[in-house]
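The values are calculated or read from the model by the stated rules, or taken from the named source; none is laboratory data. Here the structure is a predicted model, which is why all the values come from computation and not from measurement. When we count neighbours, we look across all protein chains shown, and the Cβ atoms used for this are built from the backbone with ideal geometry, even at glycine. With ligands, DNA and RNA removed, areas are computed over all heavy atoms of the protein, side chains included. Shrake-Rupley method; radii C 1.70, N 1.55, O 1.52, S 1.80 Å.
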Amino acid sequence: MAEILNAHGSRNDIFVTDLTPQDFASEAELRSFVRHVCDRTGPFGGDGVYFHDASLPVPQAWFFNPDGSAAEFCGNGMRCLGRVVLDRRGTEEAVIRSGQVEYTVRRAQATEQGVRQVVLEQPAVAFEPPDEERLPALDPVLAFTAVSVPNPHLVALVDKYVESDLVAMGEQVAARRDLFPAGANLSVLLPLAGHDVFVRTYERGAGLTASCGSGMAASRAVYSRLRRAGPEEEVIVRNAGGVATISLRVRDGRWSPVLQGNATFVYRADVDPAALARAVPAHADREPYDAELRAYDALARANAETLNAAGIETAGTSQIT
């Protein structure tokens, strides 16, 4: 048996487990486990799985999308994994390697609602040269910026959010493996009042989720590239699932996102990994973190009220009352 922890960053549901990919008999069994634990029609359901080995001096982590495909990292998931590592070690700061990149996580002050938060420091973003042959096909009006964080992202500034348009463009990117062989996350960025922005992402391997941590970081970098805010200014980034605060640390002329947001534990459960990989029906008792869920519900309601007042309608915010 193995423990899985369901946690979320801005309601991006991520499973964290101290299993590693080497614990599975084959790559096919590993990917099958991911698909079945993330299947929302099954006993659990989520937006991805973070495997990790915390016994190493620098914990190693591996992230998989709900379709079983691997990704370099997950921003929302890294905050959740970061909190697990910080809690286990009893430290205020830690470094975690996901893929080939190291990320720094730190404890942060809880929100006024009592929501636990983690700060995630990411490596410098890299702006990619625009590919005029592929980007205009998505929309004849929008101008996209390609940026790696290190996940590949396409970001466009919009003056109105239309969810069906984002989904249609995201599906185009997902279908064009000839143009996007590694896939790409597609985000739209809508400026709000003050230093607030709204970001919504269609994620490769996952589709439309409540939020995307790397999508928020990529959009924040594009916001400064478009000269809408100074890189070191703190910008409040809202999404369908919640809210985060992001600035860009300037080092040697490069921008490194610093993202502060929630890392909320939802429930833990013990599972049989091999049986779950084979989709063998099994009952697993969940142990919920009720106090954390109540605190986050209060924060989410406040965020939804702000987005509704701005005329933003999404599948995620419409469920928050």
Q: Please find, within segment 36-52, the residue that is nearest to residue 97 (Cα to Cα) out of those that are in contact with a helix residue (DSSP H, G or I) (Cβ under 9 Å, 6 or more places away or on another chain) and not in a loop (DSSP other than H, G, I, E, B).
A: 52
Q: Within segment 5-43, work out how many residues are under 23 Å from residue 115 (Cβ atoms) and among the hydrophobic types (A, V, I, L, M, F, W, C).
A: 5
Q.
Looking only at segment 184-202, how many residues end up being touching a strand residue (DSSP E or B) at 6+ places or on another chain (Cβ under 7 Å) and at pLDDT below 90?
A. 2
Q: Collect the residues in segment 147-165 that are within 15 Å of residue 199 (Cα to Cα), of a type in the set (A, V, I, L, M) and touching a Ser or Thr at 6+ places or on another chain (Cβ under 8 Å), keeping them in residue-number order.
A: 154, 155, 156
Q) Just wondering, is there one or more residues in segment 165-173 that are within 18 Å of residue 237 (Cβ to Cβ) and open to solvent by 40 Å² or more (accessible area, probe 1.4 Å)? A) no
(Q) Based on this model, can you work out whether residue 76 counts as in a helix (DSSP H, G or I) and not hydroxyl-bearing (Ser, Thr, Tyr)? (A) yes
Q. What pairs can you find where one residue is in segment 138-153 and surrounded by fewer than 22 Cβ atoms within 10 Å (Cβ to Cβ), the other is hydroxyl-bearing (Ser, Thr, Tyr), and their Cβ atoms are less than 9 Å apart, with a gap of 6+ or different chains?
A. 150/214
Q.
Looking only at segment 241-297, filter to residues that are farther than 19 Å from residue 66 by Cα and of a type in the set (Val, Ile, Thr); which one of those is surrounded by the fewest Cβ atoms within 10 Å (Cβ to Cβ)?
A. 250
Q. What are the residues in segment 17-46 that are under 20 Å from residue 120 (Cβ atoms) and in contact with a Lys or Arg (Cβ under 9 Å, 6 or more places away or on another chain), if any?
A. 46
Q) Across segment 279-300, what is the total count of residues that are closer than 27 Å to residue 121 by Cα and part of a helix (DSSP H, G or I)? A) 8
Q: Would you mind listing the strands (runs of 3 or more DSSP E) fully within segment 182-278 where at least 1 residues are charged (D, E, K, R)?
A: 196-203, 235-238, 243-251, 254-262, 264-271
Q.
Return the residues of segment 19-35 that are surrounded by fewer than 18 Cβ atoms within 10 Å (Cβ to Cβ) and either assigned to a loop (DSSP other than H, G, I, E, B) or touching a His at 6+ places or on another chain (Cβ under 8 Å) (or both); say none if nothing qualifies.
A. 20, 25, 26
(Q) Under 8 Å between Cβ atoms, which residue pairs at least 6 apart in sequence (or on different chains) link something in segment 287-299 that is on the phi < 0 side of the Ramachandran plot with a partner that is in a helix (DSSP H, G or I)? (A) none
Q: Sort out which residues of segment 226-247 are in contact with a Phe, Trp or Tyr (Cβ under 7 Å, 6 or more places away or on another chain), more than 18 Å from residue 304 (Cα to Cα) and touching a residue at least 40 places away in the same chain (Cβ under 8 Å), and write them in order of number.
A: none
Q. Out of segment 63-110, which residues are within 18 Å of residue 149 (Cβ to Cβ), in contact (Cβ under 8 Å) with a residue 40 or more places away in the chain and surrounded by fewer than 21 Cβ atoms within 10 Å (Cβ to Cβ)?
A. 69, 72, 99, 101, 102
Q: Go through the residues of segment 3-14 one by one and say whether even a single one is more than 19 Å from the chain's Cα centre (by Cα) and surrounded by 19 or more Cβ atoms within 10 Å (Cβ to Cβ).
A: no
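Per-residue answers, yes or no, for (1) within 22 Å of residue 262 (Cβ to Cβ); (2) crowded, with 23+ Cβ neighbours inside 10 Å; (3) out of contact with any Phe, Trp or Tyr (no Cβ under 8 Å at 6 or more places or on another chain):
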{"position": "176", "(1), (2), (3)": "no, no, yes"}
{"position": "188", "(1), (2), (3)": "no, yes, no"}
{"position": "194", "(1), (2), (3)": "yes, no, yes"}
{"position": "203", "(1), (2), (3)": "yes, yes, yes"}
{"position": "208", "(1), (2), (3)": "yes, no, no"}
{"position": "215", "(1), (2), (3)": "yes, yes, yes"}
{"position": "221", "(1), (2), (3)": "yes, yes, no"}
